[in-house]
Each structure stands twice: as structure tokens, then as C-alpha cells.
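Working notes, structure below.
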Amino acid sequence: MDRSDLRLLVPRRIRRVPADLVVVVALVFLTAVVVLAGRGFWTLARWGIGFCFLFFLPGYAVIAALFPESAGSDEDSSDGIIPRRIDGVERFVLSTAASLAVVPLIGYLVSYSPWGLDVVPALVSIGGFTVGCAIVAAIRRRSVPESERFSVPFGAFYETVSTGRTWTRPLNLVLVVSLVVASAGIVYTTTTPRPDERFTELYIGTKNGTGETVADAYPRNFTAGESQSLRVGIGNHEYERTNYTVVVLLQRVNGNEGARGGSHVTAQRQLDRFHVSVAGGKTAVENRSISPTMTGERLRLQFLLYRGAPPASPTPKNAYRRTHLWINVTG
């Protein structure tokens with residue numbers, strides 16, 4: 001069975017859709033499946049198809065919608081200056097450039113949506129835009145005479161590969177490879193964080209009237225043995241899921257923390273210790289009940305954050321992050 005016979009197995013309505021646009025739409029749905037499938041075996045596939053999804057498919061669909069005609073001579077110019085038709089290499093270059101322009105704009109708009117810039121909203125927005133442009137491109141091509149429509153020569157490419165013939169325009173190959181390498185460099189520099197960009201945010205808050213966490217109206221006066229509620233927020237910017245431990249200490253301090261002689265802890269009690277696992281790019285807010293066991297004025301309520309398990313003797317010096325409140329505790 002030759003290729004023409006295999007083509008007859010495809011439904012007629014689908015055969016009427018340009019093959020390259022069918023491939024674009026299929027790759028969009030394949031990207032969604034691979035990305036949502038998780039890590040492990042799919043990790044390498046996620047990188048490969050994700051690169052194509054972000055840096056080629058959206059631009060290709062846009063260029064296909066703008067230029068439905070096949071390559072022609074300069075006489076086909078619409079105004080004598082800007083060509084109305086482009087060849088395959090120009091189409092590839094413009095597709096990559098258009099993707100680099102369109103995708104950041106879509107990401108910027110999605111970041112202000114109620115869903116925020118996350119994996120699923122990004123897949124839906126960029127994928128929907130790509131499929132929409134592919135549909136427009138298919139409609140526009142049908143309005144062009146069949147002899148002038150652009151089409152990807154899959155058959156010619158297959159014959160070239162199967163017969164072992166090499167490309168007759170090596171300069172085009174160099175241009176394509178250069179573009180791929182440059183795009184890969186952009187992907188690497190934008191998606192791989194530097195070590196100094198990894199950090200964790202630790203903060204203390206309280207609940208306001210609407211149930212939101214706010215960083216004000218902290219409780220300053222406590223009664224020994226009675227608890228008050230505080231919210232501990234942990235923002236993970238480590239670009240990977242991280243396990244944290246928070247240790248809460250109540251300390252009696254002599255001296256001023258900002259004074260030249262420093263401060264000295266004369267008594268210390270551990271009030272709380274808890275563990276939390278936070279995904280990369282996410283923030284976890286824990287409601288904790290604080291019940292002081294020492295009395296006095298200007299006691300320091302210290303919150304120490306550790307990645308993983310804390311040392312045997314937690315102190316502000318060996319903590320990864322720390323913050324504190326000054327409180328008064330009556331008996």
C-alpha cells in the first residue's frame with residue numbers, strides 16, 4: 001500500500017484541512033497530555049515538546065494565518081515593498097520570532113487573571129490561542145486558489161530522506177540550526193534560575209475580618225497559659241518542592257538588639273514546632289496557637305525556619321530564615 005492509499009483511510013473532511021495545521025493542533029493536545037502526565041518518564045518529553053509548544057507553534061499558527069499563499073516572486077508584492085508571500089525558511093524564522101513576541105504577552109495577560117500564571121492556565125491560554133490561529137489559517141487558505149495555497153511538502157521531504165539525497169541549500173540548514181541553538185539558549189537562561197535567585201519567604205500575619213492574612217495588628221499582650229492565634233506564611237521560591245521545619249521560641253532577652261553591646265538570651269522556652277512541605281512557587285499559611293509559658297515584659301517570640309530537619313539546638317544564627325515579635329506576658 002503506497003502513501004496515496006494510506007491517505008484515503010483518513011476521513012474526507014480531515015483530508016481537506018491542511019496537513020501542517022493538523023500537525024499543529026495535534027501537537028498542542030499532545031503537549032497538554034505530556035505536561036499534565038507528570039514527571040519521571042515524561043520529564044525529557046516535557047522539555048522537548050514544551051520547547052516546541054512555546055517557541056514555535058504559536059508563531060507558526062500566526063504566520064500561517066497572515067500568509068496563506070505559497071512562495072512567489074517579488075511581482076506578487078501587495079505594494080511593491082513588502083512581499084505578500086514568503087518561502088519556507090522565512091516562514092520558519094518568522095514563526096520563531098512571532099512566538100518569542102506572542103508568548104510573553106499571553107503570559108503577562110494570564111498573570112493578571114483570577115487563575116494566575118500557573119501550568120494549566122498557561123496551557124489553556126497559549127494552546128487556545130494557537131488552535132484559534134490555526135483555524136483562521138485554515139479558513140484563509142481555503143479562500144486562496146488551490147494552485148496558490150501554501151502547503152508543507154511532506155511528500156518531497158519523505159522522498160529526499162528515503163532516497164538519501166542531501167539538501168541543496170546548506171545555508172538554510174545553518175540558519176535553521178542557528179535559530180534552534182539561539183532559542184534553546186533563551187529557554188535555558190529564562191527557565192534555569194541562578195543559585196542566588198533561590199530563596200524562601202517567612203512572615204507572620206493575622207486574620208482580618210474577611211479571613212485574609214495581613215501583616216499588622218499583631219497581638220502584643222498575652223496571658224500565661226492562654227493561647228492566641230497567629231498565621232505563619234512560608235513562600236517557596238526555591239523552584240522545587242521543599243520540606244520545612246518551623247521552631248517557635250519564647251526568649252527573655254537582656255540588652256537591646258540594635259545596641260552596640262548586642263543582646264543576651266537569659267531564658268528560653270520552645271512553644272511550638274511544626275513541619276510543612278511547600279511546592280515550588282507556592283505559599284503555605286499555617287494557623288498556629290501560641291501559648292506563652294513565661295511571664296515578663298518585652299519577651300521575644302522568635303520564629304526560626306529550617307530546610308529539612310533543624311539542629312539539636314535551634315538558634316537564630318543557624319536558622320535559614322527568622323523573624324520575631326516583642327510581646328508582654330502577664331501571669
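The values are calculated or read from the model by the stated rules, or taken from the named source; none is laboratory data. What you see is a predicted model, and the numbers here were worked out from it, not measured in a lab. Heads up, the Cβs are rebuilt from the backbone with ideal geometry, glycines too, and the neighbour counts pull from every protein chain shown. The protein model used for the area step is the full one, side chains on, heavy atoms only, and it has no ligands, DNA or RNA in it. Shrake-Rupley method; radii C 1.70, N 1.55, O 1.52, S 1.80 Å.
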key: Residue check for S277: of a type outside the set (A, V, I, L, M, F, W, C), surrounded by fewer than 16 Cβ atoms within 10 Å (Cβ to Cβ), out of contact with any Ser or Thr (no Cβ under 7 Å at 6 or more places or on another chain) and within 16 Å of G233 (Cα to Cα)   = yes
key: Residues being acidic (D, E) and either over 15 Å from T323 (Cβ atoms) or in a loop (DSSP other than H, G, I, E, B) (or both) - total across the range 270-303   = 1
note = Exactly one of G205, G211 is farther than 20 Å from F274 by Cα, open to solvent by less than 40 Å² (accessible area, probe 1.4 Å) and at pLDDT below 90, and that residue is G211
query = Within the range 253-269, is there a residue that is open to solvent by 50 Å² or more (accessible area, probe 1.4 Å), closer than 17 Å to F199 by Cα and not hydroxyl-bearing (S, T, Y)?
reply = no
query = Which ones in the range 282-295 are under 35 Å from the mean Cα position of the chain (by Cα) and surrounded by 16 or more Cβ atoms within 10 Å (Cβ to Cβ)?
reply = R288
inquiry  = Which numbered condition in (1) assigned to a strand (DSSP E or B); (2) at pLDDT below 90; (3) under 34 Å from the mean Cα position of the chain (by Cα) is the only one that T323 fails?
reply    = (2)
key: Per-region count, the range 220-251, residues out of contact with any Asp or Glu (no Cβ under 6 Å at 6 or more places or on another chain), open to solvent by less than 60 Å² (accessible area, probe 1.4 Å) and in a strand (DSSP E or B)   = 15
message = If I filter the range 99-111 for residues that are part of a helix (DSSP H, G or I), at pLDDT below 85 and touching a strand residue (DSSP E or B) at 6+ places or on another chain (Cβ under 9 Å), do I get at least one hit?
response = no
ask   = Scanning the range 18-48 for residues that are open to solvent by less than 60 Å² (accessible area, probe 1.4 Å), outside any helix (DSSP H, G or I) and out of contact with any strand residue (DSSP E or B) (no Cβ under 9 Å at 6 or more places or on another chain), which turns out modelled with the highest pLDDT?
value = A37
remark   = Counting only residues that are surrounded by 15 or more Cβ atoms within 10 Å (Cβ to Cβ), more than 21 Å from E238 (Cβ to Cβ) and touching a residue at least 12 places away in the same chain (Cβ under 8 Å), the range 296-315 contains a total of 5
